[in-house]
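The values are calculated or read from the model by the stated rules, or taken from the named source; none is laboratory data. Source: prediction; values computed, not measured. Cβ coordinates were reconstructed from backbone atoms using ideal geometry, including for glycine residues, and neighbour counts include every protein chain displayed.
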Protein chains: 2
Amino acid sequence: MSSPKRTSPESVRRVACVGAGVIGGGWVAHFLGRGYDVTAWDPAPDAEARLRRLVAAAWPALEQLGLAPGASPDRLTVTGTLEEAVADAEFVQESAPEKLELKRELLAKLDAATPAGVVIASSTSGYPMTDMQTAAAAPGRLVVGHPFNPPYLIPLVEVAGGERTDPDAVGWLSRFYECAGKSVITMDREVPGFIANRLQEALWREALHMVANGEATVADIDRSITEGPGLRWAVMGPMLTFALAGGEGGMAHMLDHFGPSLKSPWTRLEAPELDKELYDAVVSGCDDAADGRTVADLVGERDRGVIAVLRATGRLPRDGDA
Amino acid sequence: MSSPKRTSPESVRRVACVGAGVIGGGWVAHFLGRGYDVTAWDPAPDAEARLRRLVAAAWPALEQLGLAPGASPDRLTVTGTLEEAVADAEFVQESAPEKLELKRELLAKLDAATPAGVVIASSTSGYPMTDMQTAAAAPGRLVVGHPFNPPYLIPLVEVAGGERTDPDAVGWLSRFYECAGKSVITMDREVPGFIANRLQEALWREALHMVANGEATVADIDRSITEGPGLRWAVMGPMLTFALAGGEGGMAHMLDHFGPSLKSPWTRLEAPELDKELYDAVVSGCDDAADGRTVADLVGERDRGVIAVLRATGRLPRDGDA
């Protein structure tokens, strides 16, 4: 292959979305809201009607999020073939069903039909790109760009290349997503499930065990999160949240106090050994995250944040808003 | 023992908090904000100064949450002995360090010093009451009441009795916490770690594995939650959130589509077998939770909720508030 000629991330105007179910359709809505021209293709017979319904349902949210100048649902073109969808694309987002062989073949087809150099991202929620890029003639431009549902609302996207991915394509994709208003984590290695999916999958599996054993109902599980840790996690991640459980002693005190709980059968997941290296990595990671803020500062931030979330979610009246 | 004479949950005015660290102090702040008279005892030499600092730091949050009539930090009395703290209490909350032998002995001491019939709750984050109530003369009034940090801000409290706990004491405690403004899940059995702690512990253990393996930094982990699933979990629990990933087909479609991912190595936690019974329990649980709301209704609720949370947490300007 010749070296890729890519539109700069800042200059992209035309985006193709291949696969237009819940995730692909959510991407379409996101890119439309951000003012891009979007072409979309999906093999399902009723795909266009469903996609336009999804975009219409998302539009009020997109308006509240703030539309880019010129953004319009009219800038969506649904094509009859995959080839038409990607023919003029400056970026391609693939969101096909989560089947490895299907993804492999589809990415090879997309690679054959898409102008040279254009980056092709896969929304896969778990497959490493190394396993998906095997059939493509130009695997260097294939990158994972894993969003969260709905992509037009949840900022996070995780970016990771495969063994045969060109590092420039990874860098280009991370920058492009930032231009398109996403919050990007670029991973330097492939981990099945990436980061957030591993974390939420651990929680999900434990929840399924509890339902299977009759230990909690679906309603208990949901309420235990929305009335409990979920309120904190919109404001502060699990590591820094736990650091505050250590009081004025922070994460080090928390690990000294609750470290032994890692031996308790609190989940079916075996914990790692809390050796000095891990202890130090967690404590210094929290120190870095605090970035000079004292525990009192962090407690104040968390408290104001959670109160704002309680108001925002209707658990507190909003008229007393400060 | 004679049958217990208890103040009705609605009439309680005097609460004792034994152990006044981060959790015990957070309970003190909560009960003060709700207008109770609170006595507190903690054996640490600087306990009173630390406790009064914690209450002062929490007070702005308590004001925003809405103080009960007459609520004041002046209604806190720190006593020199455990016995003085509980002598006139109508309810006792124990929040000592998480050590089984210590909890066992302390609960026996509290039982000996507290007026007959008064319910004594333990804030333990993981021990079953069955294991903690063994040394007490009147184990029937000992119940787990497990809060989340900080107790004055996070509504959830999980209530569970031990084998020797009187079911009336469990019922009394759940009702009392409701009167005191908490959101209560009453469990009908003892599960180590209860519900929410098992769920967040699974996530925490997976996060520790990732740090230990160099797969993600502390900052990556926190951001992957606050910019990702954490935004949804303040609004909608993990089960109903995942149901929406199934699009118009809901949880059944989601399980058909992502069920096979349970076999993927996305966490170190082994998943349960997704047999028909579990499948049906999860799908019907989500149907119950939806309670007649369509997928479109739920998507609309989630979108409005997440946008409100994005505004509340400063990710979107608040002046465009609808």
Problem set entry | The listed residue being hydroxyl-bearing (S, T, Y) and within 30 Å of B:A312 (Cα to Cα), out of B:T241, B:T267 | B:T241
Exercise. In segment B:301-319, which residue that is out of contact with any helix residue (DSSP H, G or I) (no Cβ under 7 Å at 6 or more places or on another chain) and small (G, A, S) is surrounded by the most Cβ atoms within 10 Å (Cβ to Cβ)?
Worked result: B:G305
For this session: Would you check if there is a residue in segment B:158-167 being of a type outside the set (D, E, K, R), closer than 30 Å to B:P229 by Cα and either at pLDDT 95 or above or in contact with a strand residue (DSSP E or B) (Cβ under 6 Å, 6 or more places away or on another chain) (or both)?
Result: yes
Exercise. Which ones in segment A:309-318 are facing another protein chain (nearest Cβ under 7 Å) and of a type in the set (G, A, S)?
Worked result: A:A312
For this session: For segment A:134-142, state whether one or more residues are surrounded by 17 or more Cβ atoms within 10 Å (Cβ to Cβ) and touching a Pro at 6+ places or on another chain (Cβ under 6 Å).
Result: no
Exercise. Assuming A:D280 fulfils every condition listed in (1) without any contact (Cβ under 8 Å) to a residue 24 or more places away in the chain; (2) crowded, with 21+ Cβ neighbours inside 10 Å; (3) more than 8 Å from chain B (Cβ to nearest Cβ) apart from one, which condition is it?
Worked result: (2)
Problem set entry | The one condition in (1) in a helix (DSSP H, G or I); (2) of a type outside the set (G, A, S); (3) surrounded by fewer than 17 Cβ atoms within 10 Å (Cβ to Cβ) that A:L298 fails to fulfil | (3)
Seminar exercise, completed: In the set B:E10, B:E90, the lone residue that is among the acidic types (D, E) and touching a Cys at 6+ places or on another chain (Cβ under 8 Å) is B:E10
For this session: Please indicate, with yes or no, whether at least one residue in segment A:81-95 is within 28 Å of B:G305 (Cα to Cα) and of a type in the set (G, A, S).
Result: yes
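May I ask you to verify whether B:A196 is touching an Asp or Glu at 6+ places or on another chain (Cβ under 6 Å), in contact (Cβ under 8 Å) with a residue 24 or more places away in the chain, small (G, A, S) and under 14 Å from A:L203 (Cα atoms)?
In short, no.
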Exercise. Within segment B:173-195, can one find any residue that is surrounded by fewer than 23 Cβ atoms within 10 Å (Cβ to Cβ), within 27 Å of B:G21 (Cβ to Cβ), facing chain A (nearest Cβ under 7 Å) and polar (S, T, N, Q)?
Worked result: yes
Seminar exercise, completed: If we ask which residues in segment A:242-251 are in a helix (DSSP H, G or I) and farther than 14 Å from B:V218 by Cα, their number turns out to be 5
Exercise. In segment A:202-253, which residues are more than 7 Å from every other protein chain (Cβ to nearest Cβ) and at positive phi?
Worked result: A:G214, A:G250
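Report yes if A:A136 is more than 14 Å from every other protein chain (Cβ to nearest Cβ), out of contact with any Leu (no Cβ under 6 Å at 6 or more places or on another chain) and closer than 27 Å to A:V38 by Cα, otherwise no. Quick ask: steps written out before the conclusion?
Working: more than 14 Å from every other protein chain (Cβ to nearest Cβ): yes; out of contact with any Leu (no Cβ under 6 Å at 6 or more places or on another chain): no; closer than 27 Å to A:V38 by Cα: yes.
Taking the combined requirement at face value, the residue does not satisfy it.
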Problem set entry | Which listed residue is within 26 Å of the chain's Cα centre (by Cα), surrounded by 15 or more Cβ atoms within 10 Å (Cβ to Cβ), in the same structural domain as B:L244 (by TED's automatic domain parsing) and charged (D, E, K, R), from B:D291, B:D287 | B:D287
Problem set entry | Those residues of segment A:168-193 which are out of contact with any strand residue (DSSP E or B) (no Cβ under 6 Å at 6 or more places or on another chain), among the basic types (K, R) and within 29 Å of B:A202 (Cβ to Cβ), in sequence order | A:R189
Exercise. Which pairs have Cβ atoms under 9 Å, sit 6 or more apart or on different chains, and link a residue in segment B:291-308 that is facing chain A (nearest Cβ under 7 Å) and farther than 23 Å from B:T226 by Cβ to one that is of a type outside the set (F, W, Y) and surrounded by 12 or more Cβ atoms within 10 Å (Cβ to Cβ)?
Worked result: B:A296/A:R53; B:A296/A:A57; B:A296/B:E248
Seminar exercise, completed: Out of (1) part of a strand (DSSP E or B); (2) modelled with pLDDT under 95, the one A:T39 does not meet is (2)
Seminar exercise, completed: Over segment B:30-59, the set of residues out of contact with any strand residue (DSSP E or B) (no Cβ under 9 Å at 6 or more places or on another chain) and under 13 Å from B:P150 (Cβ atoms) is B:G33, B:L54, B:A57, B:A58, B:W59
Seminar exercise, completed: A:A137 vs (1) assigned to a loop (DSSP other than H, G, I, E, B); (2) under 22 Å from the mean Cα position of the chain (by Cα); (3) aliphatic (A, V, I, L, M): all pass except (2)
Problem set entry | Failed item in (1) more than 8 Å from every other protein chain (Cβ to nearest Cβ); (2) more than 30 Å from B:G305 (Cβ to Cβ), with A:L274 passing the rest | (1)
Exercise. For segment A:148-180, how many residues meet the condition of being of a type outside the set (D, E, K, R), more than 17 Å from A:G24 (Cα to Cα) and in a loop (DSSP other than H, G, I, E, B)?
Worked result: 2
Exercise. Residue check: is B:P265 without any contact (Cβ under 8 Å) to a residue 40 or more places away in the chain, part of a loop (DSSP other than H, G, I, E, B), within 7 Å of another protein chain (Cβ to nearest Cβ) and more than 26 Å from the chain's Cα centre (by Cα)?
Worked result: yes
Exercise. Tell me, which helices (runs of 4 or more DSSP H) lie completely within segment A:44-127 with 1 or more residues that are of a type outside the set (G, A, S), crowded, with 20+ Cβ neighbours inside 10 Å and within 14 Å of chain B (Cβ to nearest Cβ)?
Worked result: A:47-65, A:100-113
